[in-house]
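Following: one structure in structure tokens, then a few remarks.
Values quoted throughout were computed directly from the atomic coordinates according to the rules given, and no laboratory measurement underlies them. Quick caveat, the model's predicted, so the values are computed rather than measured. With ideal geometry, Cβ positions are generated from the backbone for all residues, glycine too; neighbour counts draw on all protein chains shown.
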């Protein structure tokens, strides 16, 4: 049978064979960007595309320090409430038109215009007004003094001449014909949801990769396979289970990178019994964090809301110990008694529903292990996985949950105010602590980096004790890139920030 | 088509009834979908916004806080005027009409090919006995996504082994389903025609009609006259086959979602899945209305064809 089938298969495959195209760098996204317009970005896939097409006044250098990109420089006045920015001379847009200070002003005003309904308005919420001095100079008036204002000049600059609508809307033709000043320009949208980017000939630096193609590969586990098949040249993030296979391949190089992301178990402090810090602390003591981490990869366990490499991480605060005796004491203090195998209060066994986002990688393994750990310690656990829409509605809007397993990702500023301040937009757990609020306000207003560091380390210690979340870990992240691509440096947040240095063999 | 005087009346009446039924189907499908998506947790504004103020502004702009019937009425009114609105989350700002046209064109070929292939296979299988039926049922019962996964994995692994060993030049379809190719499309058409009991249903319906026609008096009379029975049987099989094919359109359209998702074919089925999961109500409703219209049109055409082909039905009408 095989004597017949093998030549038959060879003939069929050979008949279908034709040389595949080569030379471009293809990378995979789980889901293609819905819109190519930095005014309306909501996903990391969109952020990566924006990184290829657009530039900011400032960008990170390889040591992740703010360095001028479109700006030639910026000067903050002594009162730290006025920022004068000079635009680099000779810059042009992809369509050849000059990039001027007016484009910068247009971008800020458009982001701030409530009629734009921009998802990125928060990037310029520190700006009171912006005035153009001339084609190369403009002045930002700040809402309040901010010594770190230059660190906020990373938002993408848009060409005023390329937008047909005023106020700018989502439907503007720009979404299909974006014009930027980044290293790549949009060449075409493919029928298969792919997007092809061609090197920008006007870019001040020669580019080592002539074409980049974003391919949509919705099956995450298939992405590594495509890299091995040489159907892709780059994977943004490798799943822990694929690491071993890719490590063995001589055609693939793994690039570790440190992200400012951390996992946590967050409590709904508006719902009993999680409004009682003793219950939260008890659940923290019932959790064996290293055992939860081990099956899904490697990383560093945490005791507070910063990654260990952060200057704000308080190394004096140890993580909660996995100590069931201490957990029992805390539960008793909160009025619970052990009835049978479960902790009960008022005749009701403590039952916790853990909600996790469907797309959170490896969440299933973590939740199942957590369920087993907490059950063994006397807590009934139900589990639910929510899609993006249900997650936003149930968790963010309605606060209809007990406990979430989730992850926060931060940019270079590591600003945890939105998550921990009582007025924070992302504080859906309802955490309130006046001292933490004051420290976060002080850290944001501080002009002294040392004072800011001290404030945030105090925040770390207080939040650890209050336990509105059980801080879990920051995962080690790896990007996998074909060995055909050289001089690869991966930016931890935007991935393609240093793509102009990459070279294709 | 030239319609004789005797045929025009019943045909027009049947067409009118079908058209009314089609309007009812479209209205029902869009209302049902509005209700289903509306009751699902979260909406487009939740997905597009990252703060409460923007969420409120978007909800107001997109009319997401309006009662179900108002929203539905607005959709119907717009559709009557040829405006299906704009996509909210899948392709923000893009015209729903344009998205449906583009994706529908990609899916149309697949649907037609799957129907032709299904009927083409069902007819000879219908002549087969119980063993053929059972075998078809077993093979056809495999879930489409599993069958596709097995086929793609087998082809990819086989081709990669041959490429690595130097026996095969890298084909343009490699690796499935990532690369655009005619092979990917052909697999999709076969899966639609074959999988999720699609072929088994077609075969059962065809076999039933075949058995009915075989026992029909005019076939028995032809046999008694010593004439070959199959030309008479086939001629009389045509009207019910048309009906079987038309009623199968809905099944194929449903299968499109799975096949296009698995093979990354980016047609209307894939778009519908995205629209529902991303709560893009205008796009989901536009696609549902289009699908209902296609199904109703197929039935209308099948009725007209049957009336045209079968004089007894004309008299009954």
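Odds and ends about this structure:
- Rel. contact order, % - alpha carbon contacts under 8 angstrom, at least six apart, the range A:262-475: 36
- Tilt relative to chain B, helix B:96-127 - C-alpha long axis, 0 to 90 degrees, to 10: 30
- Length available on full extension from residue A:348 to residue A:432: 0.36 nm per residue minus the Cα-Cα distance, which gives 27.5 nm.
- Partner chain coverage, peptide A:223-231 - average Cβ within 10 angstrom: 4
- For B:158-164, mean number of other protein chain Cβ atoms within 10 Å: 4
- Considering only the range A:262-475, percent of DSSP beta bridges that pair antiparallel, nearest 5: 65
- Summary value for chain B: 31 percent relative contact order, contacts being C-alpha pairs under 8 angstrom separated by 6+ residues.
- Legend: calculated FRET efficiency, residue B:145 to residue B:101, from the Cβ-Cβ distance at R0 = 25 Å, rounded to 0.05, equals 0.35.
- From its DSSP helices (H runs of at least four residues, each -39,500 (n - 2.57)), chain A gives a residue-normalised ellipticity at 222 nm of -7500 deg cm²/dmol.
- Among A:110, A:337, A:86, sorting on how many other beta-carbon atoms sit within 10 Å of each Cβ, with the fewest leading, yields A:337, A:86, A:110.
- Prolate/oblate/rounded label for the range A:58-162 (Cα gyration tensor, a/c 1.5): rounded
- Chain B: most fluctuating residue of B:137, B:263, B:162 per GNM, C-alpha cutoff 10 Å: B:162
- Within the protein assembly as shown, antiparallel bridges make up roughly 75 percent of the DSSP beta bridges whose residues both belong there.
- Each peptide in B:178-187, A:273-282 was scored by the mean count of other Cβ atoms within 10 Å over its residues; highest first, the order is A:273-282, B:178-187.
- Inter-chain Cβ neighbour average for residues A:33-43, partner chain, 10 Å: 3
- For chain A, the square roots a ≥ b ≥ c of the C-alpha gyration tensor eigenvalues yield an a/c of 1.5 or more together with a/b not exceeding b/c, which makes the shape oblate.
- Cα gyration tensor shape for chain B, rounded if a/c is under 1.5, else prolate or oblate: oblate
- Only helices enter this figure: runs of n ≥ 4 DSSP H residues, each worth -39500 (n - 2.57), summed and divided by the residues of chain B, yield -26000 deg cm²/dmol at 222 nm to the nearest 500.
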